[in-house]
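Participant: The structure that follows is given in the form of structure tokens.
Taken together, the values in this text are just the output of simple stated rules run on the coordinates, not laboratory data. All of these numbers come straight from a predicted model, not from anything done at the bench. Methodologically, a virtual Cβ is constructed for each residue, glycine included, from the backbone with ideal geometry; neighbour enumeration extends over all protein chains shown.
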Amino acid sequence: MSMSNKLLSTLSFLLLIALWYGMAIVINDNTLPTPTVVLQVLWQEIKLGQLPHHFGITLLRLVTSFSIAMFFGCAIGIALGRDKGLNAFLDNWLIIFLNIPAFVTIILCYIWFGLIESAAILAVVINKLPNVIVTIREGTKALDKDLLEMAHCYNFSKNKILFHVIWPQLHPFVMAATRSGLALIWKIILIVEFLGRSDGMGYQLHLFYQLFDVASILAYTIAFIVVIQLIELLILKPLDKKALRWRR
């Protein structure tokens, strides 16, 4: 990022804080607390150990469900992209699952399997899986067939074709599925915890909602935003840079 872009980004963030302060002063502290009050609540929750405990549980659920959805989603997406018959057979299934509301899936999983951890994870996976499949399927369809034919002509091994021909082309689609997945999954996990778990960020937000504790709701929200941004900066962007180093 150039210096001018960094400056614009900083100014944009400062403007957001200023607007928040202004709106908090105009409305009132109970309905919209100032950033200072929210940060004080955030620090208090960290010191008491409540936020690290519940956040850790939510993060574990996120990593588990995200890993399962990405693994099976990539495998099925590649299969559908390479096999037209299989794609035609399962296309309607995908459309149906893409349009089932997450709320409905969560309720059904809890009714069918009970208020257990595996039901919560399953509900999240079911909601995310179709999105991954569709994204990877389209990426597989877009693979350059000329490059694949050239690789076969030069007798590339299957591993070499995968890592040097297929993966560089699929990488943007995998990263798109990853970023959208993180954004979608944590929202679904909060609903899952809100409805049927006794711990996690969603459970805490449920308590704060009942108490009309806006400051705590915003504090927990900020904590999650910070962690997701750190994942983006420390993991996803370096992976992007490393995987796309072959581009000019």
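Participant: Compare Met175, Met150, Met201 in a GNM of the chain, Cα atoms joined below 10 Å, and give the one with the largest fluctuation.
Facilitator: Result: Met150 has the largest fluctuation of those listed.
Participant: A further question on this structure: Provide Glu232, Glu45, Glu149 in ascending order of the number of other Cβ atoms located within 10 Å of each residue's Cβ, fewest first. Each step should come with its number before you reach the end.
Facilitator: Details: Glu232 14, Glu45 20, Glu149 10.
Ordered by Cβ neighbours within 10 Å, fewest first: Glu149, Glu232, Glu45.
Participant: Please give the net charge around Ile106, taking every other residue with its beta carbon less than 15 angstrom from that of Ile106, where Lys and Arg add +1 and Asp and Glu add -1.
Facilitator: On the way: positive: Arg61, Lys128, Lys187, Arg197; negative: Glu117, Glu193.
Around Ile106, the surrounding residues sum to +2.
Participant: If you scale each eigenvalue of the Cα gyration tensor by 5 and take the root, what three semi-axes come out for the stretch 179-234, rounded to whole angstrom and sorted largest first? Before the final figure, lay out each step's value.
Facilitator: Values: eigenvalues 90, 41, 11 Å².
Listed largest to smallest, the semi-axes of the stretch 179-234 are 21, 14, 7 Å.
Participant: Another question, then. What is the pair-distance distribution P(r) of the stretch 60-102, computed from all Cα-Cα distances in 5 Å bins starting at 0, with each bin given as a whole percent?
Facilitator: For the stretch 60-102, the binned pair fractions read 5, 20, 20, 25, 17, 9, 3, 0 percent.
Participant: Determine the principal axes of the Cα atoms in the chain, then give the extent along each, sorted from largest to smallest and rounded to whole angstroms.
Facilitator: Largest to smallest, the principal-axis extents are 69, 55, 29 Å.
Participant: Moving on to the next point. In degrees between 0 and 90, to the nearest 10, how far off the longest principal axis of the chain does helix 201-210 point, with axes built from Cα atoms?
Facilitator: Helix 201-210 sits roughly 30 degrees off the main axis of the chain.
Participant: Based only on other Cβ atoms within 10 Å, what is the fewest-to-most ordering of Thr36, Thr178? All intermediate terms of the calculation are to be shown ahead of the outcome.
Facilitator: Details: Thr36 10, Thr178 20.
Least crowded to most crowded, the residues run Thr36, Thr178.
Participant: Quick one: if you take sqrt(5λ) for each eigenvalue of the C-alpha gyration tensor of the stretch 128-206, what semi-axes come out, biggest first, whole angstrom?
Facilitator: 40, 11, 8
Participant: Here is a further query. What area, in nm² and to one decimal, does the C-alpha convex hull of the stretch 1-70 cast on average over all directions?
Facilitator: Numbers: hull surface 30.8 nm².
So the mean shadow area of the Cα hull is 7.7 nm².
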